[in-house]
Amino acid sequence: MSKAMARRSDAQTIPLSFTLNGRLQELEVEPHELLLDVVRDRFGLTGVKLSCDVQVCGACTLLVDGRPVSACTTLAFEVRGRSVLTIEGLAEHGKLHPLQEAFIAHGGFQCGYCTPGMILAAKALLDENPNPSEEELKHFMHGNICRCTGYKKIIESIMAAAKKLRRGR
Amino acid sequence: MLKRFRLEEPESANEACELLGRFGESAKVYAGGTELLLAMKEGLVHYERLVNIKKLGLNQITRDNGTIHIGALCTHRQLETAPDLQRSLPALVKLERNVANVRVRQVGTLGGNLCFAEPHADPGTLLIALGAQIIAEKGASKREIAAEDFFVDAYETRLAADELLTEIQVPVPPAHCGVEYLKFGYLERPSVGVAIALTARDGKKSVGDIRIAVGCAGPAPKRVAEAEALLKGKSTEEAIRSLPRAGEVAGRAAQAISDLHGSQEYKEHIVGVLLKRAFQSALSQC
């Protein structure tokens, strides 16, 4: 049994109803449970990663109502009534999102640990600003850290996806 | 890993203060959680209860009679994107746009930032230069604390344990006023911050009022009246000649601490550099 599920009988529980990758989910959580653990351990969605644990690296990025948050430092009850998107929910009908395709085409990842967070943060950026300058992109993404590939290919991937998404509009 | 705690979710400021009074040191206010939860995960602090105040509203930005009222629960993101602030307090908007990263700005609140009083934080320094007032409530009573008096030490403010910071009031800078906040740091952690608000007179030939604050380098942000006195009311030429001296004074006042991000002497020097640049930038806005 995972740590998140071992529960004392006197523990306080909070009903949590939220949308996860488009599907309504209802469960109970304790106040101290983190969104990261709930998504990984209760729903088996392991695309969201724990890394720095102090909101610096972005490996645990999830979108809550379309905006990036650090799942490692978000209490699970905070997503009551809200919509959470993980990397697993990004492809539609088996077709990868243009950002996912661009990261593959442009070699935007190597070990892949930072990639779910990178792609979700980039989605939030492009939803808000479909035509970012490279400076705007860097400013938005500077809180997502890649420790192997380097940033050039990540920037190229996001710019390529932005272009494709603009054409598709 | 977070230890278990109980969650209280008051519906009013009164109820929140009552809970804080009843549970004393075993309870803590919880808003965005961006700093508190990190400290709790590290095991540096533990509270049996967190009092979530996000049902209290306190997230509006309004303006009346030349004062901007910022609800304590306004997030950095909200401040970064508020159209009215863009016009009236562009220096605050710029500061907010550069707080930590996009995820922290999404949930971190201005009130939480001030109450936590982490030394490496930007807003307090600028709010001191802007002459902001912090509104603290406890039951039916309400008091104003000048931003320059709010910070006592690292992680320590003038707020009583059962008092709630509900609003930050910032006077809209007058015409011919320039405001600048500059920081220096490694990645997301500011290690020196300098804020200046000044008015120019006689077509920028002289400096009128000026307020200078330094932060991040030492335990708490502070106003540096001694540096202000070197520049206030002086001709612009004379003020510019006095900038190195003002920088030295401000550097010492910062009570800089040597750490991984620089020695005390280095940070004192950077205070002087930023003060010079902030002065020029503020003057150019007048």
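Selection of region B:201-245 for residues being more than 24 Å from the chain's Cα centre (by Cα), closer than 19 Å to B:Q285 by Cβ and surrounded by 15 or more Cβ atoms within 10 Å (Cβ to Cβ) yields B:R201, B:S206, B:V207, B:K234, B:T236, B:A239, B:I240.
Wholly within region B:30-84, which strands (runs of 3 or more DSSP E) include no fewer than the required count, namely at least 1 residues that are in the same structural domain as B:V102 (by TED's automatic domain parsing) and hydroxyl-bearing (S, T, Y)?
Working: elements: B:49-52, B:61-64, B:67-71.
Ranges flagged: B:61-64, B:67-71.
Restricting attention to region B:30-61, the residues that are away from every other protein chain (no Cβ under 14 Å) and closer than 17 Å to B:E137 by Cβ add up to 5.
Being in contact (Cβ under 8 Å) with a residue 24 or more places away in the chain, farther than 23 Å from B:L187 by Cβ and surrounded by fewer than 18 Cβ atoms within 10 Å (Cβ to Cβ), is that true of even one residue in region A:131-144? Yes; the residues of region A:131-144 include at least one that is in contact (Cβ under 8 Å) with a residue 24 or more places away in the chain, farther than 23 Å from B:L187 by Cβ and surrounded by fewer than 18 Cβ atoms within 10 Å (Cβ to Cβ).
Residues are listed down the side, and each one gets a yes or a no for (1) of a type in the set (A, V, I, L, M); (2) surrounded by fewer than 22 Cβ atoms within 10 Å (Cβ to Cβ); (3) under 21 Å from B:V214 (Cβ atoms):
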{"residue": "B:A82", "(1), (2), (3)": "yes, yes, no"}
{"residue": "B:G108", "(1), (2), (3)": "no, no, no"}
{"residue": "B:P123", "(1), (2), (3)": "no, no, yes"}
{"residue": "B:L126", "(1), (2), (3)": "yes, no, yes"}
{"residue": "B:L130", "(1), (2), (3)": "yes, no, yes"}
{"residue": "B:G139", "(1), (2), (3)": "no, yes, no"}
{"residue": "B:L159", "(1), (2), (3)": "yes, yes, no"}
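Counting only residues that are within 14 Å of chain B (Cβ to nearest Cβ) and charged (D, E, K, R), region A:107-164 holds 7 of them.
Only residues that are among the aliphatic types (A, V, I, L, M) and over 20 Å from B:H46 (Cβ atoms) were counted across region A:14-35, and they come to 5. Of the residues making up region A:159-169, those that are in contact (Cβ under 8 Å) with a residue 40 or more places away in the chain and either in a loop (DSSP other than H, G, I, E, B) or in contact with a helix residue (DSSP H, G or I) (Cβ under 6 Å, 6 or more places away or on another chain) (or both) number 4. Please indicate, with yes or no, whether at least one residue in region B:9-20 is within 14 Å of chain A (Cβ to nearest Cβ) and over 23 Å from B:E156 (Cα atoms). Yes, there is a match, as at least one residue in region B:9-20 is within 14 Å of chain A (Cβ to nearest Cβ) and over 23 Å from B:E156 (Cα atoms).
When residues in region B:246-258 are screened for being over 20 Å from the mean Cα position of the chain (by Cα) and touching a residue at least 40 places away in the same chain (Cβ under 8 Å), 0 of them pass.
So, in region A:61-87, exactly how many residues are at the interface with another protein chain (Cβ under 9 Å from one of its Cβ atoms), closer than 14 Å to A:A121 by Cβ and buried (at least 24 other Cβ atoms within 10 Å of the Cβ)?
The number of residues fulfilling the criteria is 4.
Tallying residues that are part of a helix (DSSP H, G or I) and under 19 Å from the mean Cα position of the chain (by Cα) within region A:118-158 yields 20.
Residue-level check: of (1) in a strand (DSSP E or B); (2) touching a residue at least 24 places away in the same chain (Cβ under 8 Å), A:E28 misses just (2). Just to be sure before I move on: is A:G47 more than 14 Å from every other protein chain (Cβ to nearest Cβ), touching a helix residue (DSSP H, G or I) at 6+ places or on another chain (Cβ under 6 Å), assigned to a loop (DSSP other than H, G, I, E, B) and not hydrophobic (A, V, I, L, M, F, W, C) in the structure I sent? Judged against the criteria, A:G47 is a match. Of all residues in region A:74-117, those satisfying the criterion of being within 30 Å of B:N52 (Cα to Cα), among the aliphatic types (A, V, I, L, M) and under 10 Å from the mean Cα position of the chain (by Cα) are A:V84, A:L85, A:I87.
The values are calculated or read from the model by the stated rules, or taken from the named source; none is laboratory data. All values reported here derive from a predicted model rather than from experimental measurement. Here the Cβ is made from the backbone with ideal geometry for all residues, glycine too, and neighbour counts use every protein chain on show.
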